[in-house]
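Asks: Take this structure, written in structure tokens, and hold onto it; I'll ask about it next.
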Amino acid sequence: MTNEMIGWDIGGAHVKAAVMNGRGELTAVFQKPCPLWQGMDKLRSAVEAILSELPTVSYRHAITMTGELVDLFAGRDDGVKTILATMVELLPGGELLVYAGRLGFLDASKVNHNHYAAIASANWLASASYAARKVGSGLLVDIGSTTTDILLLDRGRVAAEGYSDYERLATQELVYTGIVRTAVMAFAESVEDQGREVGLMAEYFATAADVYRLTGELDEVHDQSDTADGAEKSVLASARRLSRMIGCDFDLAELPRWQRLAHHLREKQLSRIRLGCERQLARSALSGSGPFVGAGIGRFLVRQLAESMGKPYLDFSALFPASSNENGMSAADCAPAAAVACLSGKN
């Protein structure tokens, strides 16, 4: 049996993969855009693009997902069933395991409709379970392109209140905000500009990526989604899109104004995530040594939160043996994929 394992995280906007060798070292990490709501061909293209960059050897595979949520599917069960069938087709020959959350890993050939609810959107539990095993106690905060997961880790276990998306939204363990795809109109109802509080237009004029291009914190390798207007991803184009959010036209001479606006919006988003962190910490007498474990492409915000809240910070990538990746992606960027690659090896 091959010792090479690929962990897959099939999202609604991206496909992520982490390759692990027999020594438990991550040898490659990938993220490819996959606007799944546009059709299953997007998933096929993304998976094939990743496989094309790997040596042609036999791999074992472990899959987790959130892509079943997109409106391409009639519902979650339909999404899970369709995604699994497609992955079986794309990954023939090797062992294929499916992460079913609290049920553990299931052989793909044995998955049936009774398992779909456990499989749907369980990727957060994979990341949190792996972090809990490595850290013991702390708070995992995974800020991605679209969502933020906030999970309390308590003595080696994941102390989650909710499981489904509905339950996790209610407990603020899932905060639907990220640093690329989130519409700016979802950040807040108003923002400070030139000493005034100004309402934000409820229009899809700009996204979080525009905010973080203007703050200088969005790495180009993570900037894989389309802009709101289909235009370029430059600082000036981002400033133009942000200016529309408060009913203004863009003037190059006012670029500092829009950079300040971006920082105000950043603070609005950060405050929302902080509330979720405070809610989780209030549930436990988390020791002073329990770190904030930062994952996701927005983990620079987790580091700031840890510092402001008096907690140590630990990068999710530090939980893995040192590895190099030529494309600039890390284990922390694709935490669920890396986690299922490792956890499945202990199945």
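The values are calculated or read from the model by the stated rules, or taken from the named source; none is laboratory data. The structure presented is a predicted model; accordingly, all values stated were derived computationally and were not measured. Counting neighbours? That spans all protein chains shown, and the Cβs are built from the backbone with ideal geometry, glycine included.
Asks: Scan region 52-86 for residues that are of a type in the set (D, E, K, R) and in contact (Cβ under 8 Å) with a residue 24 or more places away in the chain and jot them down. Full working, then the answer.
Replies: Applying the first criterion (of a type in the set (D, E, K, R)) to region 52-86 yields 53, 60, 68, 71, 76-78, 81.
Correct list: GLU53, ARG60, GLU68, ASP71, ARG76, ASP77, LYS81.
Asks: Anything in region 31-60 that is part of a strand (DSSP E or B) and in contact with an Asp or Glu (Cβ under 7 Å, 6 or more places away or on another chain)? List them, or say none.
Replies: Within region 31-60, GLN31, ARG60 qualify.
Asks: Being free of Cβ contacts under 8 Å to residues at least 12 places away in the same chain and not in a loop (DSSP other than H, G, I, E, B) is the filter here; which residues of region 170-196 pass it?
Replies: Listed by number, the residues that qualify are ALA170, ALA186, SER190, ARG196.
Asks: Going through LEU255, LEU281 one at a time, which residue ends up being farther than 17 Å from THR207 by Cα and assigned by TED's automatic domain parsing to the domain that holds GLY199?
Replies: LEU255
Asks: Give the residue that is surrounded by the most Cβ atoms within 10 Å (Cβ to Cβ), with candidates limited to residues of region 298-313 that are assigned to a helix (DSSP H, G or I) and not polar (S, T, N, Q).
Replies: The initial filter retains those residues of region 298-313 that are assigned to a helix (DSSP H, G or I), namely 299-308.
Those left that are additionally not polar (S, T, N, Q): 299-303, 305-307.
Values: ARG299: 27, PHE300: 16, LEU301: 21, VAL302: 29, ARG303: 15, LEU305: 22, ALA306: 22, GLU307: 12.
Among them, the one singled out is VAL302.
Asks: For a quick check of your reading of the model, give me the residue pairs whose first member lies in region 115-130 and is free of Cβ contacts under 8 Å to residues at least 40 places away in the same chain, whose second is assigned to a helix (DSSP H, G or I) and among the basic types (Lys, Arg), with beta-carbon atoms closer than 7 Å and at least 6 apart or on different chains.
Replies: Between residues of region 115-130 that are free of Cβ contacts under 8 Å to residues at least 40 places away in the same chain and residues that are assigned to a helix (DSSP H, G or I) and among the basic types (Lys, Arg), the close pairs are ALA118/ARG102.
Asks: Can you tell me which residues in region 209-233 are in contact with a helix residue (DSSP H, G or I) (Cβ under 7 Å, 6 or more places away or on another chain) and either of a type in the set (A, V, I, L, M, F, W, C) or assigned by TED's automatic domain parsing to the domain that holds VAL29 (or both)?
Replies: VAL211, LEU214, LEU218, ALA228, ALA231 - these are the residues of region 209-233 that are in contact with a helix residue (DSSP H, G or I) (Cβ under 7 Å, 6 or more places away or on another chain) and either of a type in the set (A, V, I, L, M, F, W, C) or assigned by TED's automatic domain parsing to the domain that holds VAL29 (or both).
Asks: Another one. Mind checking whether some residue in region 152-160 is among the acidic types (Asp, Glu) and outside the structural domain of GLY276 (by TED's automatic domain parsing)?
Replies: Here is the first cut: in region 152-160, the residues among the acidic types (Asp, Glu) are 154.
From what's left, outside the structural domain of GLY276 (by TED's automatic domain parsing): none.
Scanning region 152-160, I find no residue that is among the acidic types (Asp, Glu) and outside the structural domain of GLY276 (by TED's automatic domain parsing), so the answer is no.
Asks: May I ask you to list the residues in region 103-158 that are out of contact with any Asp or Glu (no Cβ under 8 Å at 6 or more places or on another chain) and part of a loop (DSSP other than H, G, I, E, B)?
Replies: Those that are out of contact with any Asp or Glu (no Cβ under 8 Å at 6 or more places or on another chain) and part of a loop (DSSP other than H, G, I, E, B): GLY104, VAL111, ASN112, ALA122, GLY136, GLY144, SER145, THR146, THR147, ARG155, GLY156.
Asks: Sticking with this one: Across region 220-242, which residue is farthest from PHE205 (Cα to Cα) among those that are of a type in the set (Val, Ile, Thr) and not in a loop (DSSP other than H, G, I, E, B)?
Replies: VAL221
Asks: If I filter region 155-178 for residues that are surrounded by fewer than 17 Cβ atoms within 10 Å (Cβ to Cβ) and on the phi > 0 side of the Ramachandran plot, do I get at least one hit?
Replies: So far as region 155-178 goes, yes, one or more of its residues are surrounded by fewer than 17 Cβ atoms within 10 Å (Cβ to Cβ) and on the phi > 0 side of the Ramachandran plot.
Asks: Test ARG303 against the criterion of being farther than 21 Å from GLY11 by Cβ and either at pLDDT 95 or above or out of contact with any strand residue (DSSP E or B) (no Cβ under 9 Å at 6 or more places or on another chain) (or both), and give yes or no.
Replies: yes
Asks: Another question about this same structure. Report the residue count in region 238-249 for those that are surrounded by fewer than 18 Cβ atoms within 10 Å (Cβ to Cβ) and without any contact (Cβ under 8 Å) to a residue 24 or more places away in the chain.
Replies: Counting residues in region 238-249 that are surrounded by fewer than 18 Cβ atoms within 10 Å (Cβ to Cβ) and without any contact (Cβ under 8 Å) to a residue 24 or more places away in the chain gives 2.
Asks: Does GLU167 satisfy being touching a residue at least 24 places away in the same chain (Cβ under 8 Å) and outside the structural domain of ARG102 (by TED's automatic domain parsing)?
Replies: When the stated conditions are applied, GLU167 does not pass them.
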